[in-house]
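Trainee: This is the structure I want to talk about, given as C-alpha cells.
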Amino acid sequence: FSFSWQTTFQDGGEEVEDGAVYNVTLKKVQIQQAANKGARWLGGEGDQLPPEHTVRQYETSKIRAIKAGTLEKLVENLLTAFGDADFSYISIFLATYRAFASPRAVLELLLDRFGNLETSSHGEVANLNSLESEMVLRVEIASVLRAWLDQCSEDFREPPDYVCLLKLLDYLKNNMPNSDMESRVQNLLKQFQNQEVEAVDGFCSTSSSDLVDGEELEISNSDEFSSFQDHVVAEQLTYMDVMLFRRVVPYHCLGSIWSQRDKKENKNLAPTVRATITQFNAVTKCVISTILGTRELKIQQRAKIIEKWIHIAHECRILKNFSSLRAIISALQSNSIYRLKTTWMCVSKDILLMYEELSEIFSDHDNYLTSRELLMKEATSKFANLDSSEKENQKKSQKRLQLQKNKGVMQGTVPYLGTFLTDLIMLDTALQDYVEGGLINFEKRRREFEVIAQIKLLQSSCNSYCLIPDQKFIQWFRRQRQLTEEESYKLSREAEAAADTNILSPKSQKSMVKRISTLFLGTDVFTPPKEQPPKSSPVGGSSGESTDSASVSSCEFNHSETEDVCVTPVSSPEDPLKKGYDSDKGSISSDKGSISKGSGSSKGSIFDTGSGSDSGSIPTRDSGSVPSSVPKVLPVYNRQSGGSCIIRVSMDGLHASVYKSILITNQDRIPDVTQRALLKHNLEPDAVEDYELVQVISEDKELVFPRDANVFYGMNSHVNFDFILRKKA
C-alpha cells in the first residue's frame, strides 16, 4: 500500500465547562491510499492503481486548548493537555503561572487534590480503585513534575525552609519511592542548601563607595584603556553579558511582575533582570568615563578614544552581542558626548560611517523593526551576518568574521533585554488578567509565552560562546567610576571649552555640525545646545546612588524601552539630539484644544515603567463586559485604534522618565483614568478628587481636562500621548 497525507484545520468554536472555557480546533487529515499489489487485476499498468481507484479516507481529531479558567482548572489541565493535543500547554503554564499564582498554591493543588490517589477526582480516571487508573495518574503527575524541575527549578529555591521542595520530596517518597525523580529532588535540595541565597554577580559593582578616599574624577587612565585590544574588550563585555543573560529567570520579565519592582516591599524583585540592567548601565557609564574622565586629553586623543569605542561596538556586532553594542551606541549618543562637536570633527570619515551603520540597527522606526528582525535572523545562526554600504568597512568586517570562523567555534546571541521587557509590559497593559466570570485569561499567557520563548531560545544559543575571562580587564572595568549626569555635563563643557575652536573656520564648523547631526539616525537640523547643566532628577539619582535604576544615556534614545534600564538622562533639558532624533520626545509645535501654560518640565528618559498589577482588571466598556478573547489588534502607545490606546502618565514633581503605561478606551473619563494612574504609582486611589490630569503638548504647553471629560476623545492625538498627574492647588 502507498499513502499520502493532507492536513487541514478548522475552527471548532468554544466549549464551556464549569470553571473553564476551551478553544476547539478540528484537525482533518485526508489519507490517500492506493493498493499497488494486485492493481493489474483492476486494469492498472504494472503495480500502479489508476487515479479513479485511489481510496480516500478522512480522519478528524479535536484539539482543545484552554482559553480561560479557574486556577484549579488550569492545574488540572496540566494532566489532560496531552490528551487534548495541547502539547505546549505545560511549558506555557510553567513559564507564566507566577503572574497569577504562587508555586506553593500550584503544588498543593497538583499533589493534594489531583495527586492523592484515594480522593482524586481527575476527570480522565473513571475508577481510581483500579491499578491501571493509578498508574495513568502517576505517570501524568510525574511528567508534569519532571517538566517543572527541568524548566523552572528556580521556583523551588525558597531559603531557608524550602517548603515546596520538602513537600514534593515527601510526596515522591510516599508515591514514587526510590525513583530517579526522588533522587533528583534530594540532590536539588542539597544544592540549594549548600549555596547562599543567590546574589547578583559583582561584575559591575562600581558605585561611588568602591572608590578610594582622595581619588579625583580623573580615575580613568586613557593609556591603560588604550592598551586593551578592541576585540579583547568586546569579548570581555560579551563574557559578562552572557553570564548574566543566561541566569535571567524568564518569569522575572513578565510585565505583571517586572512592573511591581518600584514598591518598597519588592526591592529584591527580579534580581536577574536587575543584574543585566546594571551591567548595561555600567558599560554606558564606562564609555562616558573613558572619554571625559581625563581632563588633560587633547582633542585628537579624545577623538581616538571615541574611535576605539566605535571599533569595540563593531566587534560586539561581530560577536552578536546586541546588549553591549546598544550600551556603547547609547553612550556615544548621550548629550555629554554628542555635544563635543570639535572632538567629533577629528573622528575619521570611515569610522563615522561605521558608527552610522551601527546606530541604524537601533532605529526606533516601526517599533525598532530593524533590530527585531536582525535579532531573530541571527538568533540561531552560527555567525553574524554583516553587511556594510561602505566598501572599506565591509572588507574589515569580513576579515574579522573570517577569523572568527577559522576558530571553528560557533557564537550565540546576546539580545538587548529591554526590547523584550517592553513587549511584555505592553502585553500586560493591553490584555486583561481576568475575563468574564472571574476566570484567569490564559490566552494572555499564551501571548506572553511567545516572547518568553524567544528569551529562552537566545539563552540556549549563549551556550555556544567559548569565552575566557580576562581578570586584568574585568578589574579595570570594575574600577571605572560612574559619573553623575552633572559631573559628565560639567566635564563635557570643560573639554569643549578647552578645545581650540579657532583652528576651524565658521564654514567648516557648520559643515561638520551638520555631518555629525545626520549620523544620529536622520537628524537633519542641529540646534546648538544651551549651555546650562541638566536639571537634577529627584528619582533614581546618579549612578553612584543606585545601581538598579541609574543609567546614562540609553534612556534618551529608546522611547519604548522599559524604565529601570535608565532613569536619569545625562543631558540638558534642551538636548538637541532628543529634539531631532527622538521622535517620541521631540519638540511639538501643534496644539489643539484648550491649552494652558505648564511648568515646561523636561522630557528626558523614556523607558517604560510598565503597568501595575491592576492592568489586568480594567474593563472594556465598549462591550459592557470584560472581553474573553485576545483582540486581533493590540492597543499601542501614540496611536488610537479600535476605540483604545495606551498613554503614559508620570507624576508631577518626578522625572518624566518615571511613568506608567495606562490602557484607556473611548468610554473612559477623567476619574477612571486618574484612579488607574494613582494605583499604578502606588498611591491612594481614593484621592481622585485631589488630582488633575493634563496632557503635555510641548515644553511650555499643556492640555488641561475638565473633571468629567472623555480622555480618549478629548486628548490631542497629534502629539505624544504623555500625561502628568498633578495635585490640585
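The values are calculated or read from the model by the stated rules, or taken from the named source; none is laboratory data. This one's a predicted model, so the numbers in the text were calculated from it and none came from an experiment. A quick note on method: Cβ atoms are made from the backbone with ideal geometry, for glycine too, and the neighbour counts reach across all protein chains shown. The area values use the complete protein model at the heavy-atom level, side chains included, leaving out ligands, DNA and RNA. Shrake-Rupley method; radii C 1.70, N 1.55, O 1.52, S 1.80 Å.
Trainee: How many residues does segment 79-98 contain that are open to solvent by less than 20 Å² (accessible area, probe 1.4 Å), touching a Lys or Arg at 6+ places or on another chain (Cβ under 6 Å) and modelled with pLDDT under 85?
Mentor: 0
Trainee: Still on this structure: With the requirement that a residue be without any contact (Cβ under 8 Å) to a residue 24 or more places away in the chain and outside any helix (DSSP H, G or I), what does segment 297-330 give you?
Mentor: 298
Trainee: So how many residues does segment 154-184 have that are free of Cβ contacts under 8 Å to residues at least 12 places away in the same chain and among the basic types (Lys, Arg)?
Mentor: The number of residues fulfilling the criteria is 1.
Trainee: If you don't mind, there's one more thing I want to ask. Checking the structure you have, find out if any residue of segment 54-67 is assigned to a loop (DSSP other than H, G, I, E, B), exposed (fewer than 13 other Cβ atoms within 10 Å of the Cβ) and at pLDDT below 95.
Mentor: No.
Trainee: Does segment 646-669 hold any residues that are more than 17 Å from residue 256 (Cα to Cα), touching a helix residue (DSSP H, G or I) at 6+ places or on another chain (Cβ under 7 Å) and open to solvent by less than 10 Å² (accessible area, probe 1.4 Å), and which are they?
Mentor: 649, 657, 664, 665, 668
Trainee: A further question on this structure: Looking at 101, 126, which one is surrounded by fewer than 20 Cβ atoms within 10 Å (Cβ to Cβ), modelled with pLDDT of 80 or more and outside any helix (DSSP H, G or I)?
Mentor: Unique residue meeting the criteria: 101.
Trainee: Residues that are modelled with pLDDT of 90 or more and within 19 Å of residue 316 (Cα to Cα): does segment 477-488 have at least one?
Mentor: Yes, some residue in segment 477-488 is modelled with pLDDT of 90 or more and within 19 Å of residue 316 (Cα to Cα).
Trainee: So which of 650, 661, 717 is closer than 26 Å to residue 266 by Cα, among the small types (Gly, Ala, Ser) and either touching a Phe, Trp or Tyr at 6+ places or on another chain (Cβ under 6 Å) or modelled with pLDDT of 90 or more (or both)?
Mentor: 650
Trainee: Is it true that residue 277 is assigned to a helix (DSSP H, G or I) and more than 30 Å from residue 96 (Cα to Cα)?
Mentor: no
Trainee: Given the criteria open to solvent by less than 30 Å² (accessible area, probe 1.4 Å), modelled with pLDDT under 95 and more than 19 Å from the chain's Cα centre (by Cα), does residue 237 qualify?
Mentor: no
Trainee: If residue 457 meets every condition in (1) modelled with pLDDT of 90 or more; (2) closer than 30 Å to residue 336 by Cβ; (3) open to solvent by 20 Å² or more (accessible area, probe 1.4 Å) apart from one, which number is that one?
Mentor: All conditions pass for residue 457, except number (2).
Trainee: Pull up segment 667-698, narrow it to residues that are under 14 Å from residue 721 (Cβ atoms) and not in a strand (DSSP E or B), then point me to the one that is nearest to the chain's Cα centre (by Cα).
Mentor: In this case the residue turns out to be 677.
Trainee: All but one of (1) modelled with pLDDT of 85 or more; (2) surrounded by 13 or more Cβ atoms within 10 Å (Cβ to Cβ) hold for residue 34, so report the exception by its number.
Mentor: The single condition residue 34 does not satisfy is (1).
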